[in-house]
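Data block below; observations after.
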Amino acid sequence: MPTSPNHGEFIRISSRDKTLLREVSIIEREAFGMQGLTFEQLVLFSHSGKIFGLEESEKLTAEAIVFQKFNKNSIFLFSFAVIEGKRRCGRGTHLMRSLCDYLSSRSFKRLELTVDPSNVPALDFYISHLRFQKKRFIPDHLGEGTHRILLEKFL
Ligand SMILES: CC(C)(COP(=O)(O)OP(=O)(O)OC[C@H]1O[C@@H](n2cnc3c(N)ncnc32)[C@H](O)[C@@H]1OP(=O)(O)O)[C@@H](O)C(=O)NCCC(=O)NCCS
């Protein structure tokens, strides 16, 4: 799917951007329910990782949180979501492509993430659409009965 500036401006959100961090927490709660990150957790994460988003008319419409893996040229995508009501219009694609360009221009070689095997929209998005490779199935990764699939993409 083609993306355009109409899908929003790619921004990095720092620990000082409290208004934007609150908007990230709203997208998190809406997308992941009680497992979504709180504002306080996001403030802490913004120091140890990096938080990105898409901004349109001063409103955040999508967010991505990444961490660097120790001793590797590899990045772990901790969270990724588009605000409800704005999905399926290319914003996820625009945010992921912008993120991959950002990481690759900083010499990172690989992006990894884990996904819930029952999250069909996310699997279609990452595997069929963005060509992430399935690395392995991790049974009970987040506790008994909570499995994950590890995906990777070379940048
Ligand atoms: C997964 C997610 C980020 C995709 O963002 P998006 O902005 O809707 O994605 P795009 O519009 O760029 O979609 C690109 C392609 O991905 C696939 N895709 C996206 N959503 C899909 C869905 N609900 N069902 C099937 N395929 C889907 C399609 O191939 C789509 O292309 P198409 O619309 O031309 O068919 C979004 O659905 C979301 O925020 N989900 C909730 C949070 C979540 O599950 N995050 C992933 C956690 S690992």
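The numbers here are math on the coordinates, done by the rules we state, and not lab data. Since the structure is predicted, the reported quantities are computational estimates derived from the model, not experimental observations. As a convention, Cβ positions derive from the backbone with ideal geometry for all residues, glycine included, and neighbour counts pool all protein chains shown.
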| query | If you add up the charges near residue 110, with Lys and Arg at +1 and Asp and Glu at -1, over every other residue whose beta carbon is less than 11 angstrom from its beta carbon, what do you get? | reply | +3
| request: Please name which of 89, 102, 44 has its Cα lying farthest along the dipole of the chain towards the positive end, using unit charges on Cβ (Lys, Arg +1; Asp, Glu -1) and the Cα centre as origin. | output: 102
| request: Assign unit charges at the C-beta atoms only (+1 for Lys and Arg, -1 for Asp and Glu), then state the dipole size of the chain relative to its Cα centre in Debye, rounded to the nearest 20. | output: 620
| task | Determine the gain in length on full extension of the stretch residue 22-residue 48; use 0.36 nm per residue of separation and subtract their C-alpha separation, reporting nm with one decimal. | result | 7.6 nm
| message | Using Cβ counts within 10 Å as a stand-in for footprinting exposure, how do 116, 101 rank, fewest first? | response | 101, 116
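So what are the chain's ellipsoid semi-axes, whole angstrom, largest first, if each one is the square root of 5 times an eigenvalue of the alpha-carbon gyration tensor? Walk me through the intermediate numbers first.
Values: eigenvalues 96, 66, 59 Å².
Rounded to whole Å, the semi-axes are 22, 18, 17.
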| request: At 0.36 nm per residue, minus the direct Cα-Cα distance, what do residue 129 and residue 87 gain on full extension? Give it in nm, one decimal, please. | output: 13.7 nm
| said: If I model a spin label at residue 101 and residue 140 as a point 7 Å from the Cα along the Cα→Cβ vector, what separation in nanometres do I get? | reply: 4.4
| said: Please list, ordered by chain and number, the residues whose modelled amide H lies under 5 Å from the amide H of residue 135; skip anything fewer than 5 residues away on the same chain. | reply: 150, 151, 152
| note | Label model pair residue 119, residue 154: point-to-point distance (7 angstrom along the Cα→beta-carbon line) in nm is 2.5
